[in-house]
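Here's the structure we're looking at; comments come further down.
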Amino acid sequence: MLILFAVTVWPAARFDDTATAAPPKNDEFAATVLTSDGALAARAEVALAIAGSQVMVKNGELSWTAGAPRCRTDAAGRFHFPRQADDFWLVITHPLGYLRVKCFAKSLPATFKLNAWARAEGTLRTARQLQPHVGIRIDHDLTQHAANDALIFFSETGTTDGQGRFVLERVLPGRGTIGKELARTQEGASLSSSRRVRIRFDAGKTTRIDLGNSGRPVI
């Protein structure tokens, strides 16, 4: 059975890698980012998502943003943005963790501590045969925001190796689906007949799943 999906392609936003070079001004808020074990999170990517903006995190990195300013933390894990009149979301990614948090304009914390990534590994089979060099994709079940709120998306993709095995190192913890990545057509749509498996990923742990076999995850 073929399933047709519409795909929207967004232009990449310009990355401002100098936003934390100068000390914060009086009209800016500043904060420090820590890893899940309390270390300073240097070079973490930070996006500020306001109503109507969009943020995509792919494979543990900020892939693109629309209407959301972004920067990196400095060597001391610090960042700053202009103060906001309304509440907003912060999305922070780092090799050692991530954060997706609602911030209230009248009460901003001075420190943000990251959550640990989950990890996924396994195999892909078709008719009991291991499938080499095939794309794998994870999509996540996230709480829907209000209609005028920011939209934040997470996904992870990878490719099986020559023995049909895959590893995804930075996976968003929580519930989602995993399966063969959709194939693009020349018209920009996506086609797939691959079965997707619903699964839960736990922070700081590895989930193993053999797609096309039992479909049962092993922690």
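Each residue was assigned an accessible area with a 1.4 Å probe, and for LEU182 the value is about 50 Å². Of the heavy-atom accessible surface of the range 86-173 (probe 1.4 angstrom), what whole percent is carbon and sulfur? Carbon and sulfur: 49 percent of the exposed surface of the range 86-173.
Count Lys and Arg as plus one, Asp and Glu as minus one, and take only other residues whose Cβ is under 15 Å from that of ASP141; the net charge is then +3.
Taking all protein chains as they are arranged and a probe of 1.4 Å, the heavy atoms of GLU61 leave approximately 100 Å² accessible to solvent.
With a probe of 1.4 Å, find how much accessible area the range 46-94 has per residue, and write the answer as a whole number in Å². Present the calculation step by step, with values, prior to reporting the outcome.
Values: 1770 Å² over 49 residues.
Dividing the accessible area of the range 46-94 by its residue count gives 36 Å².
Leaving ligands and nucleic acids out of the surface, order ARG175, ARG195 by accessible area at 1.4 Å, largest first. Don't skip to the end; give the middle numbers.
Numbers: ARG175 140, ARG195 175 Å².
I get ARG195, ARG175, largest accessible area first.
Listed by chain and number, the aspartates and glutamates placed with their C-alpha closer than 13 angstrom to that of LYS113 are ASP37; residues fewer than eight positions away on the same chain are left out. Straight-distance candidates among the aspartates and glutamates for linking to LYS106, with alpha-carbon spacing under 20 Å and chain neighbours fewer than 8 residues away dropped: ASP27, GLU28, ASP86, ASP87, ASP149.
Candidate cross-link partners of LYS180 among the lysines, defined by an alpha-carbon separation under 29 Å and a same-chain spacing of 8 or more, comprise LYS58, LYS205. Net charge within 14 Å of VAL91 by Cβ-Cβ distance, Lys/Arg positive one each and Asp/Glu negative one each, not counting VAL91 itself? Once all neighbours under 14 Å are counted, the net charge is +3. A viscosity of 0.890 mPa s and a temperature of 25 °C, combined with the Kirkwood radius over Cα pairs in Stokes-Einstein, give a translational diffusion coefficient for the range 38-78 of 224 µm²/s.
The values are calculated or read from the model by the stated rules, or taken from the named source; none is laboratory data. Given the structure is predicted, the values throughout are model-derived calculations rather than measurements. Every residue, glycine among them, receives a Cβ derived from its backbone with ideal geometry; neighbour counts consider all protein chains shown. Just the protein is used for accessible areas: all its heavy atoms, side chains included, with ligands, DNA and RNA removed. Shrake-Rupley method; radii C 1.70, N 1.55, O 1.52, S 1.80 Å.
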